[in-house]
Structures are given as C-alpha cells and as structure tokens.
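Notes for the one structure printed next.
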Amino acid sequence: MSNNWKRNCRIALAGLGVVAFAAVFAVEAKAANAPLIAVFTKNNTNPAYAAARRGVDLVAREKGATTAHFVPESPDNVEQQKALVVEALAQKPDLVIFVPVDDKAMVEDAAKFTQAGIPVVSFVNRLEGEFVAHVGSDDVAVGYNGAKALFEGMDGAGKVLAIEGNPAAPTSRNRVAGMKKAADEFPDIEVLEIVTGMYQKPAAYNVTVEALRKHPEIDGIWAANDVMVYGALDAMKEADRSAKLVGANGLDGAIRLIEEGTMLATVEFSAFKIACTAARAGLRHLNGEDVPADITVPSVLIDSRNLEPWKVPLEERDCPSWEEIVRP
C-alpha cells in the first residue's frame, strides 16, 4: 500500500456496529463461518454511496454476513481503487459487490476476483467480465425523464445548462444521452453547453460559476445527479441568478429543495435499493439459488405532486425484498 494516502478500508460487523481495520476482523468473520462481503464504492463524498453502503450492511445483517467497505480516499480515484482490489483479495472475501470508478480502467482488476474463484456482483456502473449479475437502472430513462420534466417546467422554451457527471462513468454517459433525446423533442429548448461536474458538488459549483460568466441567460439547469445541483445552486445564489433545477438520485437534500420550491424535480436512481438488491443477489448465489444476470431497479420521477413517500430519510428506509425488485 502506498504511504502517501491512508487506506480507507474498514469492516463493519453487521448488527453490532463494530468498525475496525479489515485485517483484524476478516479472520474472526471466517472463524464464525459468516460470509464476508467486500463492498467497493466510488467515494465518501456522495450521499448516494453512503446509502448504498448502508443497504449492503442491512442485507448482510439480515442474512448473517459481514461487510468490508473499500472506498478510495480521493473520490473516484482509479489507482486507489486498484490498490484496494489487491487489499481485498488478501482478505479472501466470499463475495464482492463492486462499483468501478471507471468502467474501462477497472476491468482487469475486477477480473482478479473471478480468477480467484470469488463471485462478483457489479452494481450501478456496468463492467465487462464474468460476473454473477449486474444490478442497475435505466440511466437513459433517468436522464430523459428528468430533462423532459425540466423542459416542460420551462414551458418548452429557454436556455439550459447541462452538467454531466464523471465521463468515465456509464451512468453519466447514458443520462446525458437521455437528456439529449429529450432535448430533440423540444425545438425551442437550447442546450447552451454540457459541462463536467464529476458527480461532485465543488466541481459542479466551479463549472456553473464559469457558465454564469459566459451566459447572461440560463433558464434551466439539468444535472446528472442531485449533488451537482447543490453546487450549481450555490453558484446561482452567489450570482443572484435563478433557474429551474432538475437532478437525479432522489437524495434527502433534493427532496427538501423540491418541497420548498427551490428545485423542480429529481429522478430516483436509488443507489440504496440497487445495493440492497446486489447484496441479495450475491448471497442468493452463495446459497445456490438462481439469480438473473441482469437486474433493473425501476427509477421514478419525483416532484411536488408525489413527494410524500420520499420524505422518509434514507437512513430510516428499509431494503426492498427480493420479490419487490425481481419478479417472475
């Protein structure tokens, strides 16, 4: 492990609230015959991934498994995730739940688990390889439905700033494709430019500040996730400008902004539900049960008309059952 960054890898014994270094507790988990799940997420900055980690932990606790979380200290850092793969392999987990920070750069690294005989379930970002399953959502639909809601909220006319996430993430690429598809249906909507917010609030703030300098009129902002809406909103407030705002994820903060009328809509791309389902899929596989190779968790447009169910904070929500997501 490199000395210039501190390992952000820990294991939580589900149900006990114990947090410690993975190297200490992996042996104890094995001795107790509890399956060890190595969980890879992209960063510690996006609340969607905090919810995803909680989702895997909830399922692990329910099923008598333990979880070890491997998170790059620098958000979406490829080299750090590669190093974490090596660390996880040394722990010999029974199952891996994996979100790649880059769907191209991490292919060979994720394949090391399969080569070691460790089953892998990919989630959120699809990755090439021999895996048990992939659990995700229709990101083109996420982008399309959010953009359509924005354009309709603008009465079908006006100038729009689009903020993509990490170009290395298929979720962002597909959501942008969905946004463009919606824009094609509204001839009086002008997409001024697509700027890169890296799925992070500070980056979205910076690109919005620059866009506000360049464009005296911005009527709407479409962002590929809610966190980037937060950054764009800060920039708009500082410039004493306003625009209609749409994001994706259905985060608690976005729900509050919709309720107060600051944000028009978000699309529930639920990393929490996806992670819950990925954990269930992996544990079913360990038990010899059938698992579909491709599982899609539905997304939902959330606006002021249907807000109530999402007012329950993410940390208080329960995982959906297998049957709620995977139907015959």
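The values are calculated or read from the model by the stated rules, or taken from the named source; none is laboratory data. Predicted model only: the values in this text are computed from it and were never measured. Positions of Cβ are backbone-derived with ideal geometry, glycine not excepted, and every protein chain shown enters the neighbour counts.
Couple of notes before you dig in:
- Scanning the stretch 111-128 for residues being in contact with a strand residue (DSSP E or B) (Cβ under 8 Å, 6 or more places away or on another chain) and closer than 15 Å to Ala169 by Cβ gives a total of 6.
- In the stretch 303-328, the residues that are more than 19 Å from the chain's Cα centre (by Cα) and touching a residue at least 60 places away in the same chain (Cβ under 8 Å): Asp303
- Scanning the stretch 159-187 for residues that are among the small types (Gly, Ala, Ser) and out of contact with any helix residue (DSSP H, G or I) (no Cβ under 7 Å at 6 or more places or on another chain) yields Ala168, Ala169, Ser172.
- Hey, Gly117 at pLDDT 95 or above and either assigned by TED's automatic domain parsing to the domain that holds Ala90 or of a type in the set (Lys, Arg) (or both) or not: yes
- With respect to (1) touching a Pro at 6+ places or on another chain (Cβ under 6 Å); (2) β-branched (Val, Ile, Thr); (3) crowded, with 24+ Cβ neighbours inside 10 Å, the lone exception for Thr171 is condition (1).
- Boolean, Lys112 is surrounded by fewer than 22 Cβ atoms within 10 Å (Cβ to Cβ) and basic (Lys, Arg): yes
- Residue within the stretch 138-155 that is in the same structural domain as Leu212 (by TED's automatic domain parsing), of a type in the set (Ser, Thr, Tyr), in contact with a Gly (Cβ under 9 Å, 6 or more places away or on another chain) and surrounded by fewer than 20 Cβ atoms within 10 Å (Cβ to Cβ) present: no
- Remark: pairs (first residue in the stretch 196-218, on the phi > 0 side of the Ramachandran plot; second residue of a type in the set (S, T, N, Q) and not in a helix (DSSP H, G or I); Cβ separation under 9 Å; 6+ apart in sequence or on different chains) = Met198/Asn166; Tyr199/Asn43; Tyr199/Thr45; Tyr199/Asn46; Tyr199/Asn166; Tyr199/Asn225.
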